[in-house]
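The structure appears right after this line, and notes come after that.
The values are calculated or read from the model by the stated rules, or taken from the named source; none is laboratory data. Remember, it's a predicted structure, so these values are computed and weren't measured experimentally. Using ideal geometry, Cβ is built from the backbone for each residue, glycine included, and neighbour counts are taken over all protein chains shown. Surface accessibility is based on the protein's heavy atoms, side chains included, excluding ligands, DNA and RNA. Shrake-Rupley method; radii C 1.70, N 1.55, O 1.52, S 1.80 Å.
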Amino acid sequence: MGKKMLVTSTDLMMIQFLIPHVKYLTEQGWKIEVACSPVGNRLQEVRQVLKGISPVHVVHLYRNPAKPGNLHGYRELRHLIQKGSWDVIWTNEPVMGVMTRLAARTARRAGTRIVYMVHGFHFYKGAPKLNWMLYYPIERVMSRFTDTIVTINHEDYKRASRMHARNVKYIHGIGVDTSRLHRSETRCNIRQEIGVGEDDFLVLSVGELNKNKNHKVIIKALGLLEDKKIHYIICGKGDQREALERLAESEGINKNIHFMGYRKDVVDIYHQVDVFAFPSYREGLGLASLEAMYNGIPLITSNMRGPKDYMKNGVTGFMCAPDDSAAFADAIQRLKENSILKLKCGAHNKIVVKPYCLENVKEEVKKVFGELEQ
């Protein structure tokens, strides 16, 4: 093939999701260069991982679209695009996606194909009106400068299909990397660590402690249940920890809420809990919940975009409105009291998650770019 591709994203997106696809497309014959904005201070890590595979350029863009410095990043992008001869430009994320498509207008008129991968539109069913007023018009206009929009959930696919891009494609997320989901030889004992018995019921959440992840609804649910045998384990860091600790104290269940911070042994913890809780207000798809599914854990999620693609009540677990603590409490109670249902949901989830695994998604991404040649 030998065609040239420029991939643009933040350094975080590249590290967390895109590197396996860059490597795989390179193996398929693509000559790829990468342009990253250093929002997560992980640019050196990107360069190290892609050393000898893809050159890595820096463009100084910010996630906040109102930052004046984005103009400088736009100029850097435009210069990079103009000095290259790209068959395809693959861009990701809102600010990077807008700036890349603006900077690539001349290149597109000369034949470069522009692919924009949406990891979750900021406008969605239930989103704040401000999101619709700000982000929807921008994305609709920018779709005119896009050959293919790629979405990772069905709600975004339907919405993108009503925009102006020539093609809209759906893929099963960006890929669950199953190679990292194997238990370590030196396994932690989370029950021993938090001081609970084998007959206690453990609910797990993994993710940053922020308002969007909505850990508070699970704490409130446990407060309603008043069951000292149910414990909630939260793995992650963030600015909401103190607020969540105060909430647990006010609910009288602080001894049942366990803040574990950032953990490198989350895979070991997956195998020791009973339920995975994913009550976010907004998700593109939900990688953490898919990892839990791969490990055979039933889910309790919000009924929002993303989880709705793979959740089915009573089959994979249960969905609840994100602020309905009573519904979450009922879902936890049902799985605690019905061990057969819990096991069936866990076993079913191992099947449901297969299309979302990395090896399958790599082929889907490859197909998207292969179809550009037709």
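For region 233-339, just say rounded, prolate or oblate: build the C-alpha gyration tensor, square-root its eigenvalues into a ≥ b ≥ c, call rounded for a/c under 1.5, and beyond that prolate if a/b exceeds b/c, oblate if not. Rounded shape, in that the Cα axes give a/c under 1.5.
By the gyration tensor of its Cα atoms, with a ≥ b ≥ c the square roots of the eigenvalues, what is the shape of region 179-248: rounded for a/c under 1.5, prolate for a/b over b/c, or oblate? The shape class here is oblate. Are any of the pairs Lys83/Lys125; Lys213/Lys255; Lys169/Lys220; Lys312/Lys366 more than 32 Å apart by Cα-Cα distance, and if so, which? Result: Lys83/Lys125; Lys169/Lys220 exceed 32 Å. Dipole orientation for region 14-144: of the candidates His21, Ser54, Pro94, Pro94 has the Cα lying most toward the positive pole (charges on Cβ; Lys, Arg +1; Asp, Glu -1). Which entries in Lys158/Lys336; Lys3/Lys23; Lys308/Lys344 show an alpha-carbon gap greater than 25 Å? Cα-Cα > 25 Å for Lys158/Lys336; rest within. Taking every DSSP helix (H) stretch of at least 4 residues in the chain, weighting each as -39,500 (n - 2.57) and dividing the sum by the residue count yields a mean residue ellipticity at 222 nm of -11500 deg cm²/dmol.
As a calculated quantity, the FRET efficiency between His79 and Gln16 at R0 = 35 Å, using C-beta atoms, amounts to about 0.85. Between Trp132 and Lys367, the contour length at 0.36 nm per residue exceeds the Cα-Cα span by 81.5 nm.
Axis angle, to the nearest 10 degrees, between helix 339-352 and the longest C-alpha principal axis of the chain: 10 degrees. Computed 3J(HN,Hα) for region 67-84, one whole-Hz value per residue from the Karplus formula 6.51 cos²θ - 1.76 cosθ + 1.60 where θ = phi - 60°, is 5, x, x, 5, 5, 5, x, 4, 5, 5, 5, 4, 5, 5, 5, 5, 7, x, glycine and proline marked x. Rolling a 1.4 Å probe over the protein heavy atoms gives the chain an accessible area of 46 Å² per residue.
For Ala35, the residues whose modelled amide H falls within less than 5 Å of its own, excluding neighbours fewer than 5 places apart on the same chain, are Val7, Thr8, Ser9, His57.
In sequence order, region 36-52 has phi-based couplings of 10, 8, x, 7, x, 6, 10, 5, 5, 5, 4, 4, 5, 5, 9, 4, x Hz under the Karplus curve 6.51 cos²θ - 1.76 cosθ + 1.60, θ = phi - 60°, and Gly or Pro positions carry x.
As a fraction of the 1.4 Å probe accessible area of the chain, surface on carbon and sulfur atoms comes out at 49 percent. One decimal place: the segment Asn360-Glu193 gains 56.5 nm when fully extended, by the rule 0.36 nm per residue minus the C-alpha distance. Taking Lys and Arg as +1 and Asp and Glu as -1, the other residues whose beta-carbon sits under 10 Å from that of His60 total +1.
In region 190-249, a dipole from Cβ-located charges (positive for Lys and Arg, negative for Asp and Glu) runs towards its positive end, and of Leu202, Gln240, Leu224 it is Gln240 whose Cα lies farthest in that direction. About its Cα centre, the dipole of the chain is roughly 1560 debye, where the only charges are +1 on Lys and Arg Cβ and -1 on Asp and Glu Cβ. Stretching the chain fully between Arg183 and Ile340 yields a gain of 54.1 nm (0.36 nm per residue, less the alpha carbon separation).
Give me the distance between the Cα centres of region 34-87 and region 191-253, rounded to whole Å. Between the Cα centres of region 34-87 and region 191-253 lies a distance of 38 Å.
Legend: calculated FRET efficiency, Asn167 to Glu242, from the Cβ-Cβ distance at R0 = 30 Å, rounded to 0.05, equals 0.05.
The residues neighbouring Arg246, those whose beta-carbon lies less than 14 Å from its own, together hold a net charge of -2 under the Lys/Arg +1, Asp/Glu -1 convention.
Under the rule a/c < 1.5 gives rounded, and otherwise a/b versus b/c splits prolate from oblate, where does region 1-110 land using the Cα gyration tensor? Here region 1-110 falls in the oblate category. Each Lys or Arg adds one and each Asp or Glu takes one away; over the other residues whose Cβ falls under 9 Å from the Cβ of Val206, this sums to 0.
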